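Before any comments, here is the structure.
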Amino acid sequence: KSIKDISAPPLVPSEPVIDFTHLGRMTLGEKSLEAEVLALFDRQAAMLLARMKQAAPAAAAAFAHTIKGSAGGIGAWRVAEAAEAVERAASEPAGLIDAIARLAGAIGEARATIAQMLAAR
């Protein structure tokens with residue numbers, strides 16, 4: 001391959017951290033409900049992630065499953081995908097620590113986006 005054949009990753013992620021179109025559909029466009037749901041996700045994700053880091057693999061998978069559902073509800077698709085990876089990794093604990101670290105990164109991105117959005121209101 002020549003250097004021309006190698007594509008660089010995009011400078012801007014192709015998928016937003018939070019899909020606000022999806023969130024708007026889920027909240028019927030009610031901005032106050034959007035803010036409430038995002039604030040709830042923010043608190044829940046932080047709490048469950050902290051618990052997950054100290055939990056047995058089966059409990060970590062259960063916490064990840066809850067995060068996956070909540071993330072799907074607000075359109076945080078990367079968080080949902082990372083949570084699903086934690087669920088899968090729970091059956092083979094060698095990869096669990098890395099999966100939780102990836103989930104923590106995705107949650108961090110989502111929480112930063114939520115903080116910016118709520119501060120702008």
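Give, in nm to one decimal, the length gained when the segment between Arg88 and Ala120 is fully stretched (0.36 nm per residue of separation minus the Cα-Cα distance). All intermediate terms of the calculation are to be shown ahead of the outcome.
Working: separation 32, 0.36 × 32 = 11.52 nm, distance 3.67 nm.
Going from the current span to full extension adds 7.9 nm.
How much length would be gained if the chain were fully extended between Arg51 and Ala39, taking 0.36 nm per residue of separation minus their Cα-Cα distance, in nm to one decimal?
Numbers: separation 12, 0.36 × 12 = 4.32 nm, distance 1.87 nm.
This chain segment gains 2.5 nm when fully extended.
How high is the relative contact order of the stretch 58-115, in percent, with contacts defined as C-alpha pairs under 8 Å that are six or more residues apart?
Values: 52 pairs, mean separation 18.8, N = 58.
Worked out over the stretch 58-115, it gives 32 percent.
In whole percent, what relative contact order does the chain give with Cα contacts below 8 Å and a gap of six or more residues?
27
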Across the alpha-carbon set of the stretch 34-110, Rg over Rh with Rh taken as the Kirkwood radius works out to 0.95
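Note down, for the stretch 70-120, the three equivalent ellipsoid semi-axes (square root of 5 times each alpha carbon gyration tensor eigenvalue), biggest first, whole angstrom.
Working: eigenvalues 120, 25, 5 Å².
Equivalent ellipsoid of the stretch 70-120: 25, 11, 5 Å, largest first.
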So if each residue of separation counts as 0.36 nm, and I subtract the Cα-Cα distance between His65 and Lys31, what length gain in nm does that give? 9.6 nm
Averaged per residue, what accessible area in Å² does the chain show with a 1.4 Å probe, protein chains only? 60
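The values are calculated or read from the model by the stated rules, or taken from the named source; none is laboratory data. Since the model is a prediction, treat every value here as computed from it, not as a measurement. Ligands, DNA and RNA are excluded from the accessible area calculation, which covers all protein heavy atoms including side chains. Shrake-Rupley method; radii C 1.70, N 1.55, O 1.52, S 1.80 Å.
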